[in-house]
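The values are calculated or read from the model by the stated rules, or taken from the named source; none is laboratory data. Everything quoted here is computed from the prediction, not taken from an experiment. Here the Cβ positions follow ideal geometry from the backbone for every residue, glycine too, while neighbour counts run over all protein chains shown.
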Amino acid sequence: MADTTPIVEFLQRFTSALGIETPVDVQDTPDGPRLNLSGEQAELLVRRRGEPLKALQHIVDTAFARRIGENQRIFVDALDYRKGKDAELRQMAKFLAEKVKQSGVDQQLGPLNPYERRLVHMAVAEVPGVTTESVGDAFSKTVLISIRK
């Protein structure tokens with residue numbers, strides 16, 4: 001388990017600078033610590049389809065990634081917004097994988113950031129007979145789901 005104290009302190013200073021008070025709850029997951037900002041004022045971070053939260057995630061990744069370790073990731077969430085979106089994305093990926101399996105027609109999902117693509121690749125890997133591939137040359141790529149050859 002990584003020491004999340006510096007990250008929690010950073011998030012508290014960050015939200016304080018925004019003029020909002022929000023508790024930071026830490027949960028350990030196999031992939032790394034999940035820091036969830038809660039309270040009524042955390043709603044500010046999930047506006048505009050979670051763009052402020054994505055930006056905060058990027059800042060935390062840049063500042064603290066080396067402290068956590070190679071196979072670990074820091075997840076920053078607010079009001080469990082990402083947790084719900086992640087579950088939705090995994091469900092959609094599995095649905096499309098089953099559709100590919102039954103119809104034989106490739107399906108695309110995206111554009112997605114690297115974290116979202118990883119979720120899709122892992123969800124589709126649970127469906128036998130189909131495979132995934134990231135397509136595109138930018139930060140946001142599309143995931144192609146097709147029959148395994």
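Sort out which residues of segment 93-113 are without any contact (Cβ under 8 Å) to a residue 24 or more places away in the chain and either aromatic (Phe, Trp, Tyr) or surrounded by 14 or more Cβ atoms within 10 Å (Cβ to Cβ) (or both), and write them in order of number.
Step one: of segment 93-113, the residues without any contact (Cβ under 8 Å) to a residue 24 or more places away in the chain are 95, 99, 102-103, 105.
Within segment 93-113, 95, 99 meet the criteria.
From (1) in a helix (DSSP H, G or I); (2) touching a strand residue (DSSP E or B) at 6+ places or on another chain (Cβ under 8 Å); (3) in contact (Cβ under 8 Å) with a residue 24 or more places away in the chain; (4) not assigned by TED's automatic domain parsing to the domain that holds residue 130, pick out the condition that doesn't hold for residue 12.
Condition (3) is where residue 12 drops out.
More than 20 Å from residue 32 (Cβ to Cβ), modelled with pLDDT under 95 and polar (S, T, N, Q): which single residue out of 140, 146 fits that description? Give the steps one after another, and end with the answer.
Numbers: 146 fails: modelled with pLDDT under 95.
Matching residue, one of 140, 146: 140.
Here's a check for you: in segment 94-123, which residue that is touching a Lys or Arg at 6+ places or on another chain (Cβ under 7 Å) and modelled with pLDDT of 95 or more is farthest from residue 75 (Cα to Cα)?
Initial filter on segment 94-123 (touching a Lys or Arg at 6+ places or on another chain (Cβ under 7 Å)): 107, 110-112, 117, 119, 123.
With modelled with pLDDT of 95 or more added as a condition, the list becomes 107, 123.
Values: 107: 28, 123: 18 Å.
Here the residue is 107.
Inspect segment 109-125 for any residue being in contact with a helix residue (DSSP H, G or I) (Cβ under 7 Å, 6 or more places away or on another chain) and within 21 Å of residue 5 (Cβ to Cβ) and give the result as yes or no.
To start, the set of residues in segment 109-125 that are in contact with a helix residue (DSSP H, G or I) (Cβ under 7 Å, 6 or more places away or on another chain) comprises 109, 112, 116, 119-120, 123-124.
Those left that are additionally within 21 Å of residue 5 (Cβ to Cβ): none.
No, segment 109-125 contains no residue that is in contact with a helix residue (DSSP H, G or I) (Cβ under 7 Å, 6 or more places away or on another chain) and within 21 Å of residue 5 (Cβ to Cβ).
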